[in-house]
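What follows is a short report on a single structure.
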Amino acid sequence: MTISKKDQKLLLCVGGLLLALLAYLFVFRNFSEKNSDLQKENQNLSSQVQQLEILDANKEQYISDTKDLKAQVQEMIDQYPSEVREENAVMYAYEMENESDIHVNSMTITPANLLYTMEKGYGLSVITVNMDYSVTYEGFKDIIDFIRTDRDKRNVESISLSYDSETGNLLGTMVVNLFELQGIDKEYEAPYIPSMPRGNNNPFGTTGVSQENQEEAAQNEEQNED
């Protein structure tokens with residue numbers, strides 16, 4: 001079968017169009033899609049570069065803020081002992097008597113109760129001290145100030161007061177919470193316990209007992225031992 005020159009030219013034109021179409025479909029469109037992807041990636045990278053430039057420009061401020069935050073956290077941690085034992089609670093009441101004219105008649109101590117755990121394995125616990133006491137009005141204000149300004153974290157959970165017409169003093173009960181922060185890098189701090197005469201039935205102070213009577217009782221005890 002003989003193909004005329006006219007048909008040959010037509011076939012060549014059709015073939016050229018097909019090649020152009022295939023080139024568009026498989027080459028140009030592929031390139032266009034890749035170019036679009038590269039543009040998107042470039043935009044993302046440009047955005048990240050801008051963010052990094054902002055961070056770098058404020059680097060010193062971020063470092064300073066981080067130091068301040070760490071200092072605040074450490075300051076908070078420093079307010080808590082690592083452990084509060086029964087002797088700490090007893091001597092806390094003893095210190096109250098030395099700082100004011102309060103007289104602790106009796107007290108009960110509730111062992112540490114875990115309130116909640118925090119990051120880094122810290123555990124905040126509370127030791128509850130319930131005191132029955134007598135005090136003057138000025139002494140009561142001294143006690144509140146003593147608790148408020150204590151180095152370690154304390155708070156008053158409840159207070160009850162009544163007026164004693166016989167002595168003119170205040171009678172009441174007070175529940176004080178002593179806190180400990182377990183897991184911190186701080187050694188247990190034992191309280192200072194002063195020496196007391198053997199047989200002393202009043203370990204919380206000397207309110208209502210004169211110094212002369214105390215010395216006389218101590219001398220009688222020594223004579224009895226001899």
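The values are calculated or read from the model by the stated rules, or taken from the named source; none is laboratory data. As the structure is a prediction and not an experimental result, all values here were calculated from the model. For neighbour counting, all protein chains shown are included, and Cβ atoms are generated from backbone atoms with ideal geometry for every residue, glycine included. Just the protein is used for accessible areas: all its heavy atoms, side chains included, with ligands, DNA and RNA removed. Shrake-Rupley method; radii C 1.70, N 1.55, O 1.52, S 1.80 Å.
Can you find even one residue in segment 89-96 that is open to solvent by less than 50 Å² (accessible area, probe 1.4 Å), within 17 Å of the chain's Cα centre (by Cα) and in contact (Cβ under 8 Å) with a residue 60 or more places away in the chain? Steps first, please.
Step one: filter segment 89-96 for residues open to solvent by less than 50 Å² (accessible area, probe 1.4 Å), giving 89-94, 96.
From what is left, the residues that are within 17 Å of the chain's Cα centre (by Cα) are none.
No - not one qualifying residue is present in segment 89-96.
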What are the residues in segment 79-112 that are in contact with a Ser or Thr (Cβ under 6 Å, 6 or more places away or on another chain) and either among the aromatic types (Phe, Trp, Tyr) or farther than 22 Å from Ala190 by Cβ (or both), if any? Asp101, His103
For the structure I just gave you, tell me whether Lys5 is of a type in the set (Lys, Arg) and either more than 23 Å from Gly183 (Cα to Cα) or at pLDDT below 65 (or both). yes
Output for segment 143-189, where each listed residue is in contact (Cβ under 8 Å) with a residue 60 or more places away in the chain, under 14 Å from Glu95 (Cβ atoms) and part of a loop (DSSP other than H, G, I, E, B): Arg151, Asp152, Glu189
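Take Lys186 and decide whether it is surrounded by 10 or more Cβ atoms within 10 Å (Cβ to Cβ) and touching a Pro at 6+ places or on another chain (Cβ under 8 Å).
Values: surrounded by 10 or more Cβ atoms within 10 Å (Cβ to Cβ): yes; touching a Pro at 6+ places or on another chain (Cβ under 8 Å): yes.
So Lys186 passes the test.
From the list Val104, Val126, pick out the single residue that is of a type in the set (Val, Ile, Thr), open to solvent by less than 10 Å² (accessible area, probe 1.4 Å) and part of a strand (DSSP E or B). Show your work before the answer.
Values: Val126 fails: open to solvent by less than 10 Å² (accessible area, probe 1.4 Å).
None of the other options fit; the residue is Val104.
With the condition kept exactly as written, say whether any residue in segment 64-83 is more than 25 Å from the chain's Cα centre (by Cα) and open to solvent by less than 70 Å² (accessible area, probe 1.4 Å). Write out each step before concluding.
Let us first name the residues in segment 64-83 that are more than 25 Å from the chain's Cα centre (by Cα), namely none.
There is no residue in segment 64-83 that is more than 25 Å from the chain's Cα centre (by Cα) and open to solvent by less than 70 Å² (accessible area, probe 1.4 Å).
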